[in-house]
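The values are calculated or read from the model by the stated rules, or taken from the named source; none is laboratory data. Bear in mind the structure is a predicted one, so any value in this text is a computation, not a measurement. So basically every Cβ, Gly included, is an ideal-geometry build from the backbone, and we count neighbours across all protein chains shown.
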Amino acid sequence: MMEQSPFHRPARRLMSDMNVVPYIDVMLVLVVIFMITAPMLTQGLKVELPEAAADTINIDSEDPVVITIKADGSYWLKQGSGKDKRLKLDDMIQALKAVEQSQPKAQILLNGDTHVDYGRVVKLMAALQQAGLTRVGLLTVSPES
C-alpha cells in the first residue's frame with residue numbers, strides 16, 4: 001500500500017452552481033440608475049393646456065414644429081426632437097420661414113398655456129398668417145367626461 005505524502009490534499013468536489021450574488025448587486029445598481037434617470041428623460045415645457053372638445057388633427061409631417069406660449073408670455077420653439085429654444089416673436093417668424101422653405105409640408109402646432117394673455121396668441125397667429133404659414137394647429141387637452 002502506498003503511503004500518503006504529508007503534502008497531499010484530498011480531492012475537492014467541483015461546485016457546479018453559479019454564484020448569482022454579484023449579478024443581483026449589478027441588477028440593483030442598474031435599477032437605481034434607471035429610477036433616477038427616467039424622470040430626467042422627459043423633455044418639454046410645463047404648460048396648462050386649455051380643455052376643449054375638438055377633433056384630433058392629423059399630423060402629416062414626421063416632425064411637427066411646436067410653438068409654446070408659456071403663462072409668462074414667452075415664446076418657445078421646438079423643431080422635431082430638438083430642444084425648446086426661447087425666441088422673440090420676430091426671431092420666431094424668421095425661424096419658421098426657414099423651416100417652411102426647407103420643409104414645405106411641415107406642420108406648426110401651437111401649444112398655449114391656459115393662463116396666457118389672449119393678445120399674445122392673437123399676435124402670434126397674425127404674425128404666422130402674414131408670414132404665409134397656414135398649416136397651424138392648436139393643441140388642447142380633451143375634457144374628462
- Item | Selection from the stretch 113-145 of residues that are assigned to a strand (DSSP E or B) and either among the charged types (D, E, K, R) or over 20 Å from the mean Cα position of the chain (by Cα) (or both) | V136
- Task: Looking at (1) over 30 Å from P143 (Cβ atoms); (2) at pLDDT below 85; (3) surrounded by 11 or more Cβ atoms within 10 Å (Cβ to Cβ); (4) of a type outside the set (S, T, Y), find the lone condition where K85 falls short.
- Result: (2)
- Task: Determine, yes or no, whether L110 is within 23 Å of the chain's Cα centre (by Cα) and either touching a residue at least 40 places away in the same chain (Cβ under 8 Å) or not in a helix (DSSP H, G or I) (or both).
- Result: yes
